[in-house]
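Report on the structure given below.
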Amino acid sequence: MLSLPGPWRWMLAGEWRAHPMRFVLAGLAIAVGVALGFAVHVINRSAADAFGQAVRSASGDADLQVRAASPLGFDERLYPRMFQVEGVADASPVLSFSAGIEGKQITLLGLDLLRVMSVTPNLIGRPGHAGAAAGPPGPDTAFDPDALFLSSAALARTGLRPGQRATVRVGAVTRSFQVAGDLPGVAAGQALATVDIAQAQWRFGRLGKLDRIDLKLRDGADRGAVRAGVAAALPAGARVTDPEGESRRGDSLSRAYRVNLDMLALVALLTGGFLVYSGQSLSVMRRLSQFALLRTLGMRRTSIEAQLLLEGLVLGVIGSGIGLALGYGIAALALRLVGGDLGGGYFGGADPRLSFSPAAALLFLLLGIATAVGGSYAPARRAGRLAPAIAIRQAGDLVDPRERPPLRLALALLLLGIGAAFLPAIGRLPLFGYLAIALVLAGGIAAMPWLARALLGPLARLDTRRPPFDMAVRRLLGAPSQASIALSGIVASTGLMIAMAIMVTSFRGSVEDWLDAFLSGDLYLSGARSGAVLDPAIQARLATTPGIRSIGFAKQVPLAIDPNLPSLLLLVRPTGEPGITMPLIARASRPGPGIALWLSEPAARIYRKQVGDVMALPIGERPVRGHVAGIWRDYARQQGAIEISDRDYVALTGDRVRTEAAITLDPGASPGAVRAALLARLPENLRGAIDIAEPGTLRVQALQLFDRSFAITYVLEAIAILIGLAGVAATSSAQTIARLKEFGMLRHVGMRPSTVTAMLAVEGALLGLIGLTAGAVLGLGISQILIHVINPQSFNWTMRTQIPWPLLLGVGVALIAASAGTAMLAGRTSLSRGAIRAVSEDW
């Protein structure tokens, strides 16, 4: 328990008893900031750890892996060549499928059991486990070619038990297997199934193909040398990696998302720091006489400073402690309701378990304490440096209102912030962008004295003949220090709140515009939900459906170009067909060498390509050379996408299987009738696996996914608004309470309570209006950094600015009303204490 000297203890307790709401609101802002930051960190870390554990579990104990660059796989003749690489002790061939087992999507692996025992023993099935009543198979079924082993999560998801028959669908092919047991070595929560690799090749049409080779190295072998030897033996369609690398690749895709959520969550903490600063500064002004008396009685300047810093420290410890507990509870609830990706869709298939991170908890605890102490530092220094003889007789503002407010510091900070916004990302993270926001925010607050004088000056020259208004304007001009302090909290909370609102609105509006341009067909058919595919015979039947003018079949193929980056998507589409459009940003003026490649904006940014550049794709035995024919806008695939013509794709791979289609109808054709006709022409086993929707439906679904992805951002935005309004209320209230003597003197000279209250309402409204004006300008500037710097550097896409005028208008009215209303309420409370008591000095 923290033990404090007697004077410090009674001074701290006395101040908190006298004005508890000021400390409660500031502590609440600290607690909310710490809670949100800690919750976001714990949720995403738990999900990333679960994802990494799932990857390592599926990879087994392999030291290295050879993986196909695309789902087309590679020639199985590569497998025996791996034994010729110096340092390789054993190798295990693997086939990998996204399979539908009893209608549930499960990862299915085809394994060579004899090799698995040596290389990846955690993938060995355990026959007849789970105590099924349907006659579990015996131990000899491990080598049964009809045996299917399911992990615990897969058994729970499908409802199957050992001894039962399971229907397994891969693409358009459906086969039946017997559930032979479970996979005890697979990570909890991972839905995985295994079958014999020869059966998988034969039954699912993958003869002669492999997707992966797991390698076990000899004891003492140099991993780097072995990796180089393996890489030298690989064709263009394969790459060498390791389980840790695959985990890092998945983690890197979500890293920018997690970092941005952490930064947005800390907005509330930053706002809390400004509230602490504002409250402590006004508290210092109100207690100048007390501090001066203590200095006169022998208390040192450093003791005064330590007293105020101690108040910030205690506030930070209490607020941060509450925030950590609240954040852990929020994380547990969010994992249960939303999932580990917070709606972002990055950790599909991972089943995260909440884990407490002591290091992260300590970090956020220290951040909260540092924010509270940092907010108290400037007021503490100001109180300690003031001469006792001046302070004990201080009746006005600390700053001479006749002095011209300095602007150099504000301009310097603003210029530094603008300069930082033009600096590149570091490690694909917009660190300088966040620094730019901090500098711009600090510069805007530093400019408040000058801006307040500029806006209030013309009002002071008006002769309204209304005492409340005239006195309010002159009082604000006559106390520039107090006005600036009050405005700092208002401007900080308002600016950050408006910036977030503009950023989210701009992003959603840009997505809406993109969907309108991208979804140009009348119907869209897709088997992505179930992994169903359309072979050439099915495509031919669907193309002759009555009412269809044209139909363009397409597919999406994951393609690993860089082993250090997540796989991008190769979009195979009949480019230029009706219903197949690309919102182009740039286009090459003339054709280049090789095939035409159309890169999405994220792909162009990630791989640093421009129109006309040459690019190689790892498809087949040799790299495919092409040129960037154009760059198009895409908000659906953060990892990037490359579109090529289906004719080029067939010529390169011979693959004619497709998974989706864009359909244009004849004039007057009924979408419902055509949809029914299409379903009737599908094979019976695909009718429940194929989705057919109109563009309006897809648009609504896409926006729902967008809103789900940004659900946490909406929550943070709402919290920023609430904390901003609370900050305005706390600032106005603290400023009013600090002027008890002034109100008492006004009552002594004959001013009515209603006039004083009206004057306070005008002051609060003017402060709110000035703060809103400055916050709106500052928020607009910060939003441009978010939109044009942080988003492109984090997610590799651009957007146009859209301002949510109704929301900003409503928030502005609420802000001004909150400022005026709290000033009035605090004034009434102060006036109720009596004029005689307010002006008396009772030591």
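Structural remarks
- Residues in segment 72-114 that are open to solvent by 70 Å² or more (accessible area, probe 1.4 Å), modelled with pLDDT under 90 and not small (Gly, Ala, Ser): 102, 104, 114.
- Scanning segment 437-477 for residues that are under 22 Å from residue 414 (Cβ atoms) and in a helix (DSSP H, G or I) yields a count of 20.
- Per-region count, segment 457-469, residues at pLDDT below 85 and in contact with a Leu (Cβ under 9 Å, 6 or more places away or on another chain): 4
- Qualifying residue in segment 550-569 (condition: of a type outside the set (Lys, Arg) and without any contact (Cβ under 8 Å) to a residue 24 or more places away in the chain): no
- Screening segment 565-641 for strands (runs of 3 or more DSSP E) wholly inside it with 1 or more residues that are closer than 28 Å to residue 233 by Cα returns the ranges 568-573, 595-600, 614-617, 624-632.
- Set 520, 530: member being over 30 Å from residue 108 (Cβ atoms), touching a Gly at 6+ places or on another chain (Cβ under 8 Å), touching a residue at least 60 places away in the same chain (Cβ under 8 Å) and part of a loop (DSSP other than H, G, I, E, B): 520
- Enumerated strands (runs of 3 or more DSSP E) restricted to segment 175-268, each holding at least 1 residues that are closer than 26 Å to residue 560 by Cα and either open to solvent by 20 Å² or more (accessible area, probe 1.4 Å) or modelled with pLDDT under 85 (or both): 212-217, 238-241
- When 674, 650, 628, 624 are screened for being of a type in the set (Val, Ile, Thr) and free of Cβ contacts under 8 Å to residues at least 24 places away in the same chain, only 650 passes.
- Test result for residue 549, in contact with a strand residue (DSSP E or B) (Cβ under 8 Å, 6 or more places away or on another chain), assigned to a strand (DSSP E or B) and open to solvent by 30 Å² or more (accessible area, probe 1.4 Å): yes
- Candidate set from segment 678-726 (those that are more than 24 Å from the chain's Cα centre (by Cα) and at pLDDT below 80); member that is farthest from residue 517 (Cα to Cα): 726
- Yes/no for residue 510 being within 30 Å of residue 649 (Cβ to Cβ), in a loop (DSSP other than H, G, I, E, B) and open to solvent by less than 30 Å² (accessible area, probe 1.4 Å): no
- Meets criteria (assigned to a helix (DSSP H, G or I), modelled with pLDDT under 75 and of a type outside the set (Asp, Glu)) for residue 783: no
- Residues satisfying the stated conditions in segment 277-312, i.e. under 36 Å from the mean Cα position of the chain (by Cα) and over 19 Å from residue 485 (Cα atoms): 310
- Checked against (1) at pLDDT 70 or above; (2) surrounded by fewer than 16 Cβ atoms within 10 Å (Cβ to Cβ), residue 396 meets all criteria but (1).
- Only a single criterion out of (1) open to solvent by 50 Å² or more (accessible area, probe 1.4 Å); (2) farther than 25 Å from residue 403 by Cα; (3) touching a residue at least 60 places away in the same chain (Cβ under 8 Å) is not satisfied by residue 455, namely (2).
The values are calculated or read from the model by the stated rules, or taken from the named source; none is laboratory data. Note that the coordinates shown come from a computational prediction; the quantities given were computed from them, not determined experimentally. Using ideal geometry, Cβ is built from the backbone for each residue, glycine included, and neighbour counts are taken over all protein chains shown. We work out accessible area using only protein heavy atoms, side chains counted, and drop any ligands, DNA or RNA first. Shrake-Rupley method; radii C 1.70, N 1.55, O 1.52, S 1.80 Å.
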